[in-house]
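Peer 1: Structure incoming, see below.
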Amino acid sequence: MKDIVIIGAGLSGITLANQLIEMYNVTIIERGPKVGITYPEQTFIHRKFGSSNTYCYGTGGTTHLWHNGLIPIKHEELEDGMFARILNSCSDKIDQAASLLNFKGEYLKEYNHSLDNYNKIASELTLDAELDTILIPNHNPLLKPRSNIKVINSCRVISGKYQSERLVSVQLKYGNGTEETLAADFFVICSGGISSPKVINTLLPDDLKEKKSKCLIDHPMGFLGKIKVKNKYKKSFDQFVNKDFGAYTGRCGIVIRNNNLKHICYFRPAATMSNKLGLYQFKSKLGTSNLLGKIKCLLDPKIFHPDIMSEIFLHVTGKNLSTRTYSVWFVFEQKKNKSNDNYVCLDEKELNKISWSLSEFENQSYVEAINYIEEKLTHYCDKVDFVKDNIDSYVWSAAHHSGTIEFGCEPGTIGIDFKVNGTDNLYVCDASIINEHGYTNTGLTISQLTIKLSEHLKAIG
């Protein structure tokens, strides 16, 4: 069998490796430790992603931090023609993609069933709105590579050796300073939206190296309101928040289309009508911290706030507290723009230097989305209270760092088969190549893309 090296042991790297192990000798290179995770050293040019960590190093990658919410990007709605064609070509693999991410059963059938259920509830409410649904597996173990996959931890790629346009080996540097050369027939970069463009830049010849990535998009996300629904609508809104379908939990969102952007809002149980920024930041930090971070949160007096206690109850039991008060949680779209204000610096070796901000156009669209939701919900509520000023402070990264590598013909971009232009055997497959994502979590799409690449590599292997 031929040898293949995958750089990155996150969601994309592990799902790809597990598909290739029957035909290749697979080695995964992982910057993080063998046990546990570390957080990268990073600095921000404009603003931080948020108060909590959005990505980490370690086997399993960011799945250590985030639940595996599955929702499809609809290829027919994409403006990026090449990416739309690619996603369309693997649209029939969506059930397989969900299965790789521990979803039990036929995902597409269950997705449509869940959405039909929510549309029925909306019809009974006479709520005239477009809905979508995200499915969260009730049994969601950490993604792990199969036992016959070799994983090399605590190292990073510092250079590559070529014969003509063929990458024959990469040079690794370990945390203790030692170095090692690793040869293979094929190499795949699966290091994520922040690190993958840096790895490509490291492997390119000096005259082709770039100073920054092509772009960076994310989903600005935040709790931007509270509502208290009328008693007669309480049961319906409870189902929008969380509905247990057995193998998975469904969550319903209201879709907002505004200024060629697509946004969505969800509901979370709350106990008060408070819209304090510090409380929302604490809630986010509690949900994404490692064990030590969670212990620190337990010592913070905010842990006893009724809103936090209701969130903990939902997380632990999967059930909603009996309440008529809900937080309104928005996930906004961010598109690539010609000004390219958002990017990752590529000339930094250890440090992740990131430029990320929200444009005036985006902020205006987000405020209009909030106004739309307020208008839609007022009829069903006794009280509404939405944040409309200082939006930038209330939103942070949804950890869907994407779009940093482009499809094209120039060296450093990738072709339709995910191969890096200017090379014969170097590929990229992760969120970095998702150039448009609406309001959608990227996990399911990443898994679909790994299936497409695995089929290609099996065919040429």
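Peer 1: Amide H of Leu131: which non-local residues (sequence gap of 5 or more, or other chain) have their own amide H closer than 5 Å, using H built in the peptide plane?
Peer 2: Long-range HN contacts for Leu131: Val255.
Peer 1: So what's the Cα pair-distance distribution over segment 64-211, bin width 5 Å, in %?
Peer 2: Per 5 Å bin, starting at 0, the Cα pair percentages come out as 2, 7, 11, 13, 14, 14, 13, 10, 7, 4, 3, 2, 1, 0.
Peer 1: Same structure, new question: Under 5 Å between amide H atoms, partner at least 5 residues away or on a different chain: which partners does Tyr162 have, H built in plane at 1.01 Å?
Peer 2: Val168
Peer 1: Does the chain classify as rounded, prolate or oblate by the C-alpha gyration tensor (a ≥ b ≥ c root eigenvalues; a/c under 1.5 gives rounded; else a/b over b/c gives prolate, otherwise oblate)? Present the calculation step by step, with values, prior to reporting the outcome.
Peer 2: Values: a/c = 1.77, a/b = 1.70, b/c = 1.04.
Note, shape of the chain comes out prolate.
Peer 1: Also, quick follow-up: For Leu208 and Lys230, calculate 0.36 nm times their separation in residues minus their Cα-Cα distance, and state this gained length in nm to one decimal. Present the calculation step by step, with values, prior to reporting the outcome.
Peer 2: Details: separation 22, 0.36 × 22 = 7.92 nm, distance 6.12 nm.
Stretched out fully, the Leu208 to Lys230 stretch lengthens by 1.8 nm.
Peer 1: When Lys and Arg each count +1 and Asp and Glu each count -1, what net charge do the other residues less than 10 Å away from Tyr366, Cβ to Cβ, add up to?
Peer 2: Around Tyr366, the charge tally is -3.
Peer 1: Taking H as built 1.01 Å from N, whose amide H comes closer than 5 Å to the amide H of Ile28, not counting residues under 5 places away?
Peer 2: The answer is Ile6, Lys150, Val151, Ile152.
Peer 1: Just to verify a number: FRET efficiency for Leu277 and Leu182, C-beta to C-beta distance, R0 = 56 Å, to 0.05?
Peer 2: According to the calculation, E is roughly 0.75.
Peer 1: Each label point is 7 Å from the Cα along the Cα-to-Cβ direction; what then is the distance between the points at Asp347 and Lys2, in nm?
Peer 2: The two pseudo-label positions are separated by 3.6 nm.
Peer 1: Per-residue HN-Hα couplings for segment 386-396, Karplus 6.51 cos²θ - 1.76 cosθ + 1.60 at θ = phi - 60°, whole Hz, x for Gly and Pro?
Peer 2: Working through the residues one at a time gives 10, 7, 10, 10, 6, 4, 4, 6, 8, 10, 8 Hz.
Peer 1: How much of the DSSP bridge set in the chain is antiparallel, in percent, rounded to the nearest 5?
Peer 2: Counting DSSP beta bridges with both partners in the chain, the antiparallel share is about 75 percent.
Peer 1: At 222 nm, what helix-only mean residue ellipticity would the chain give, in deg cm²/dmol to the nearest 500, using -39500 (n - 2.57) for each DSSP H run of four or more?
Peer 2: After summing the helix terms and dividing by the residues of the chain, the value is -9000 deg cm²/dmol.
Peer 1: Let me ask another. Can you work out the Karplus-derived ³J(HN,Hα) for every residue in segment 269-283? Use 6.51 cos²θ - 1.76 cosθ + 1.60 with θ = phi - 60°, whole Hz, and x for glycine or proline.
Peer 2: Running phi through 6.51 cos²θ - 1.76 cosθ + 1.60 with θ = phi - 60° gives x, 9, 10, 9, 9, 5, 10, 5, 4, x, 5, 5, 5, 5, 4 Hz.
Peer 1: Heavy-atom accessible area of Phe361 with all protein chains present, probe 1.4 Å, nearest 10 Å²?
Peer 2: 110
Peer 1: Taking Cα pairs under 8 Å and at least six residues apart, what relative contact order does segment 1-84 come out at, in percent?
Peer 2: Rounded, it is 29 percent for segment 1-84.
Peer 1: Once both labels are modelled 7 Å past Cα along the beta-carbon direction, what's the Asn259-Arg47 spacing in nm?
Peer 2: 1.3
Peer 1: Tell me the relative contact order for segment 313-461 as a rounded percent, counting alpha carbon contacts under 8 Å between residues six or more apart.
Peer 2: 17
Peer 1: Please sort 200-208, 219-227 by packing, taking for each peptide the average over its residues of neighbouring beta carbons within 10 angstrom, highest first.
Peer 2: Per-residue Cβ counts within 10 Å, averaged per peptide and sorted highest first, yield 219-227, 200-208.
Peer 1: While we're on this one: Which of the pairs Lys228/Lys376; Lys34/Lys209; Lys214/Lys349; Lys144/Lys173 have their Cα atoms more than 21 Å apart in this structure? Walk me through the numbers on the way to the answer.
Peer 2: Numbers: Lys228/Lys376 14 Å; Lys34/Lys209 31 Å; Lys214/Lys349 18 Å; Lys144/Lys173 24 Å.
Table pairs above 21 Å Cα-Cα are Lys34/Lys209; Lys144/Lys173.
Peer 1: Within the set of other residues whose C-beta is less than 14 Å from the C-beta of Thr442, count the net charge using Lys and Arg as +1 and Asp and Glu as -1.
Peer 2: Values: positive: Lys74; negative: Asp218, Glu333, Asp430, Glu436.
Net charge around Thr442: -3.
Peer 1: Just to verify a number: FRET efficiency for Asp95 and His67, C-beta to C-beta distance, R0 = 22 Å, to 0.05?
Peer 2: It comes to 0.65.
Peer 1: Mind giving me the FRET efficiency for Lys296 and Lys150? R0 is 30 Å, r the Cβ-Cβ distance, nearest 0.05 is fine.
Peer 2: 0.25
Peer 1: Now for a different question. Within segment 1-28, what residues put their amide N at less than 19 Å from the label point 7 Å along the Cα-to-Cβ vector of Val168?
Peer 2: 2-5
Peer 1: Give me the distance in nm between label points sitting 7 Å out from Cα along the Cα-to-Cβ direction at Asn117 and His139, one decimal.
Peer 2: 1.9
Peer 1: I've got another one for you. Using 0.36 nm per residue, how much length does the chain from Asn340 to Leu125 gain when fully extended, once their Cα-Cα distance is taken away?
Peer 2: Length gained between Asn340 and Leu125: 73.1 nm.
Peer 1: If you take every residue apart from Asn88 with its C-beta less than 14 Å away from the C-beta of Asn88, what net charge results, scoring Lys and Arg +1 and Asp and Glu -1?
Peer 2: Summing Lys and Arg as +1 and Asp and Glu as -1 gives -2.
Peer 1: Note down the relative contact order for the chain as a percent, whole number, built from C-alpha pairs under 8 angstrom at least six residues apart.
Peer 2: With pairs under 8 Å counted, the relative contact order is 26 percent.
The values are calculated or read from the model by the stated rules, or taken from the named source; none is laboratory data. Note that the coordinates shown come from a computational prediction; the quantities given were computed from them, not determined experimentally. We place every Cβ from the backbone using ideal geometry, glycine too, and count neighbours over all the protein chains shown. Heavy atoms of the whole protein, side chains included, go into the accessibility calculation; ligands, DNA and RNA do not. Shrake-Rupley method; radii C 1.70, N 1.55, O 1.52, S 1.80 Å.
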